[in-house]
Each structure stands twice: as C-alpha cells, then as structure tokens.
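Please read the structure below before turning to the comments.
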Amino acid sequence: MRSEGLKRCYQSRTPPHAAAGVKSAQPQPKTPRRYVFRSAEVDERDGIPGCVIAQYRRCGKPRCRCSRPGEPPHGPYFFHYWRGEGKARKRYLARGDAPRVAALCDRRRAHRADARTTKRLIRRFDRISSEILELLERGRP
Ligand SMILES: [Zn+2]
C-alpha cells in the first residue's frame with residue numbers, strides 16, 4: 001500500500017553518510033505493534049495527525065561498522081511526528097507499522113484539505129449571495 005504521500009513522508013531527514021553525531025539507535029521490536037491514535041474506527045475514518053519520517057543513525061559503538069568512514073549508518077528507523085496538546089511529539093514505529101501510520105497521516109491531510117476547500121467555497125457563495133441581494137435592492141424603485 002504505497003501511496004504518493006507515503007513516499008513523500010518517507011524522505012529522510014538525515015540521509016546516509018550525513019548522520020554523524022546521532023547517538024543511539026533504538027532496537028527493532030520483534031513483532032509489529034498495532035498503532036492506535038484514538039480508536040481504530042475513528043483513525044481509519046479520519047486519519048491521524050502528523051507525518052512518518054525515516055531516519056538513519058550511527059550507534060556510537062567504536063567497533064561497529066557504522067563508525068568507519070564511508071560506511072552507511074543504521075536504518076531506516078521510522079518515526080511518527082505529530083503535534084498534540086501544543087507539544088511536538090515523536091514516536092518510534094515498528095517497520096511493519098510505518099506504511100499504515102503514514103497512510104493514516106495522509107488521509108487526515110487530505111480530509112483537512114477538502115474541508116478548507118469547502119469552507120472557501122461557502123465563503124465565496126456567501127459573498128456572491130450578498131452581492132446579488134445588494135443589486136436586487138438597488139434595482140428596486
Ligand atoms: Zn553501528
């Protein structure tokens with residue numbers, strides 16, 4: 001289930017070979033965790049806020065291959081970033097959950113874009129309506 005937004009969301013903030021100084025990598029959980037934001041039904045319908053971003057990291061262990069020059073860092077590790085209660089939030093995602101969470105983020109973004117378009121159309125309709133009323137009033141003897 002790869003969507004356009006998923007690919008966009010998967011772009012890395014710290015590309016390979018440029019993530020030096022990033023300390024530890026979180027271990028991969030053995031089984032993908034189910035990720036629920038509000039409730040499974042509401043999440044599926046409305047989507048969830050935020051974006052999924054892939055990151056690469058160097059573990060910092062001196063003997064690890066990632067510490068050698070020219071070697072790529074570990075990853076990608078997937079994180080869900082969102083704003084909640086006025087705070088920037090970040091959550092590690094199991095690799096298996098990342099596509100689903102990214103799709104839910106895309107869904108919410110699409111819903112909000114639709115809502116903005118609807119609001120804009122309503123405002124325009126209101127303006128045109130009052131212009132028509134004004135013209136009708138003026139036209140009266
Ligand atoms: Zn390493």
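The values are calculated or read from the model by the stated rules, or taken from the named source; none is laboratory data. The model shown is predicted, which means the values in this text are computed figures rather than measured ones. Positions of Cβ are generated from backbone atoms using ideal geometry, with glycine treated the same way; all protein chains shown enter the neighbour counts.
Being at pLDDT below 90, surrounded by 10 or more Cβ atoms within 10 Å (Cβ to Cβ), under 22 Å from the mean Cα position of the chain (by Cα) and away from the ligand (no atom under 16 Å from the Cβ) is a property that does not hold for V101.
Residue pairs whose Cβ atoms lie under 6 Å apart, sitting 6 or more positions apart in sequence or on different chains, and linking a residue in the range 43-61 that is within 16 Å of L93 (Cα to Cα) and away from the ligand (no atom under 16 Å from the Cβ) to a partner that is of a type in the set (S, T, Y) and not in a strand (DSSP E or B), are A54/Y10. Evaluating M1 against the criteria (1) among the hydrophobic types (A, V, I, L, M, F, W, C); (2) surrounded by fewer than 11 Cβ atoms within 10 Å (Cβ to Cβ); (3) at pLDDT 80 or above leaves one unmet condition, (3). Considering the conditions (1) away from the ligand (no atom under 12 Å from the Cβ); (2) over 19 Å from V101 (Cβ atoms), F79 is excluded by exactly one of them, (2).
Can you find a residue that is within 30 Å of A40 (Cα to Cα), out of contact with any Ser or Thr (no Cβ under 9 Å at 6 or more places or on another chain), in contact (Cβ under 8 Å) with a residue 24 or more places away in the chain and in a helix (DSSP H, G or I) anywhere in the range 110-127? So far as the range 110-127 goes, yes, one or more of its residues are within 30 Å of A40 (Cα to Cα), out of contact with any Ser or Thr (no Cβ under 9 Å at 6 or more places or on another chain), in contact (Cβ under 8 Å) with a residue 24 or more places away in the chain and in a helix (DSSP H, G or I). The lone criterion from (1) hydrophobic (A, V, I, L, M, F, W, C); (2) more than 16 Å from the ligand (Cβ to nearest atom); (3) in a helix (DSSP H, G or I) left unmet by A88 is number (3).
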